[in-house]
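Taking it in order: structure first as structure tokens, then the write-up.
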Amino acid sequence: MRVSFIAIVFALLAVSWPFTPAVAVPTNGSRSTWVSGTGNDANTATFCQRTAPCASFASALSVTLDGGVISCADPVSSNPFVISTSVTIDCTGTGAIVRAFAPDNGISINTAGIFVALRGLTINSSDIVLGVAGISVSAGAIVQIEQCKFADFNFNSAIAVNFIPSSGSGHLIINDSTIFHSGSNSVGGGIVIKPQGTANSRVTINRVVVAGGLFGIAVDGSNSTGGVNMTIADSVLASNVNDGVVATTSVGGAPIGVTVINTKTVNNGFGVRSIGNNVTVRLERSTVVGNVTGLAALSGGALTTAGNNIVEANASNGSFSGTISFK
């Protein structure tokens with residue numbers, strides 16, 4: 001039986017587990033550090049340089065100055081770690097595997113006002129007891145995820161990317177990434193956006209595939225008054241049990257605006273759902289095909305069309321609630 005997203009939104013917070021201790025901001029280190037599958041964490045003494053790399057991201061972070069870059073000399077396998085300073089982790093061309101296992105998320109970002117860029121990582125879950133997140137963002141940071149892969153966050157409500165800023169303005173940008181098999185037990189999913197308190201969220205998703213999970217992209221404003229503004233472009237949401245895209249808020253909750261451009265939401269339970277007053281989902285040049293229900297605007301939610309979408313061959317196509325006025 002398909003589970004209502006509204007009925008389980010509060011349970012989504014269950015995947016935000018206690019963080020491991022944050023790394024202090026280094027005052028003595030390097031702006032360019034390295035990790036390697038054959039590295040040694042004792043090399044923090046020489047700041048994890050290219051000729052003497054460290055073995056773990058946690059050690060490299062401890063000697064990377066704010067705004068610095070951590071590079072991968074060769075393929076790396078990493079335990080969970082916490083990011084509390086501005087940093088770029090770039091493993092494009094070499095690759096790195098980050099494992100998430102309870103009670104720790106794969107990567108936890110918990111400091112407001114920092115900029116974090118993550119490139120070329122494969123993040124998966126090896127835990128089958130408690131749900132965790134691949135990347136969890138709990139503060140108003142700017143986080144950019146590029147060319148990353150997420151897989152097997154399908155145990156007990158796990159989430160691949162859990163964006164839950166608790167204050168300020170959180171920005172999430174995901175480009176050229178894939179998320180597969182996330183969420184189970186009626187909770188969790190690929191990308192979950194759920195700001196807390198007065199926090200607001202600005203989210204941009206480009207050329208991303210979210211497939212084979214419970215919820216593809218889920219936006220929930222019930223725990224915030226700050227608002228969510230999201231754009232999904234040139235992406236594919238496929239074969240998710242519940243929704244390709246769903247946006248919902250409660251009475252008094254955050255207003256939500258989602259714009260879906262040139263995106264395919266196919267073979268899901270619901271293609272696109274807009275639930276609740278103060279929720280607006282707009283579709284332009286997008287395809288909604290092969291879902292159990294293509295479109296659903298519920299409880300006052302707005303689901304509008306630019307008049308150039310394909311909505312066909314769903315068991316029930318559903319309908320838009322209005323049109324977009326071109327200006």
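Just so it is clear, none of the values below were taken in a lab; they were calculated from the coordinates. Quantities reported herein were computed from a predicted structural model and do not represent experimental measurements. Don't worry about glycine lacking a Cβ; one is built from the backbone with ideal geometry, like all the others, and counts go over all protein chains shown.
Partnerless cysteines in the chain, where a partner means another cysteine C-beta under 4.7 angstrom, comprise Cys148.
The modelled label-to-label distance for the pair Ile261/Thr38, using points 7 Å beyond Cα in the direction of Cβ, is 4.7 nm. Taking 0.692 mPa s as the viscosity and 37 °C as the temperature, the Stokes-Einstein diffusion coefficient of the range 21-79 based on its alpha-carbon Kirkwood radius rounds to 303 µm²/s. Each label was represented as a point 7 Å from its Cα along the Cα-to-Cβ direction; for Ser167 and Gln144 these points are 2.6 nm apart. Near Leu172, the amide H atoms lying under 5 Å from its own belong to Val143, Arg202, Val203, Thr204; only residues 5 or more places off or on other chains count, and H is placed 1.01 Å from N.
Rg and Dmax of the range 117-179, both derived from C-alpha coordinates alone, stand at 12.0, 34 Å. Cross-link partners for Lys264 among the aspartates and glutamates, with Cα-Cα distance under 19 Å and sequence neighbours closer than 8 places in the same chain left out: Asp176, Asp234, Asp243, Glu284, Glu312. Over the chain, the reciprocal of the mean inverse Cα-Cα separation, the Kirkwood hydrodynamic radius, stands at 19.7 Å. For the pair Phe326 and Thr231, the difference between a 0.36 nm per residue extended length and the Cα-Cα distance amounts to 32.5 nm. Normalise the Debye intensity by I(0) for the range 212-302, one equal point scatterer per Cα, no solvent, then take log10 at q = 0.25 Å⁻¹ and round to two decimals. Computed log10 I(q)/I(0) values: -1.21.
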